[in-house]
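Read through the structure below, which is laid out as structure tokens, and then see the notes.
The values are calculated or read from the model by the stated rules, or taken from the named source; none is laboratory data. These numbers were taken from a predicted model, which means no experiment stands behind them. We place every Cβ from the backbone using ideal geometry, glycine too, and count neighbours over all the protein chains shown. Note: accessible area is taken over every heavy atom of the protein model, side chains too, but ligands, DNA and RNA are not part of it. Shrake-Rupley method; radii C 1.70, N 1.55, O 1.52, S 1.80 Å.
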Amino acid sequence: RLDDAQKESYLALKERVEAEGMYFSENSILRFLASRDFDQELAYECLVSNSQFYKLNNVEVLDESEFQTKIDSQTIVYHKCDKYGRPVVYMRVRFNNPDDTTDRQMMQYMLWTMKNIKAKMPKHVDNYLLIYDLKDAGWS
């Protein structure tokens, strides 16, 4: 539950974000605010940074052909939902071969995967559970 000052901060930030033409769910705005102790300016800077990151990396128009080997390897898989309705996603590190991809391709693959998982999430759910499965993974 939010106290009156927190509600006021939330409403003001939500209005500011919408005025700037950015879209974030109510829970996302609350999460950014709470993580910055309800400092509106810090939360706004984080939201803007997040939005710019998505635009900079063309998350909405990622070219799957650039990381098709990663998709085929199923390094990251959507399993099912937990008891709260959050998607459970496994990143199976043992299936990742760093020699067959660049850092940029791996980042694009992860962004593409998360975007697709987000699209499958029920409307009332805006987060997911990401499990890094390190079984049989090793580096030398």
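Summary of values
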quantity	calculated
Neighbours by Cβ (under 7 Å, 6+ apart or cross-chain): first from the range 47-67, acidic (D, E); second at pLDDT 80 or above	E64/W112; E66/Q105; E66/Q108
R16 vs. criteria within 21 Å of L130 (Cα to Cα), open to solvent by 70 Å² or more (accessible area, probe 1.4 Å) and either part of a helix (DSSP H, G or I) or modelled with pLDDT of 85 or more (or both)	no
Qualifying residues in the range 36-85 (those that are of a type in the set (K, R) and surrounded by fewer than 16 Cβ atoms within 10 Å (Cβ to Cβ)) - the one nearest to K120 (Cα to Cα)	K80
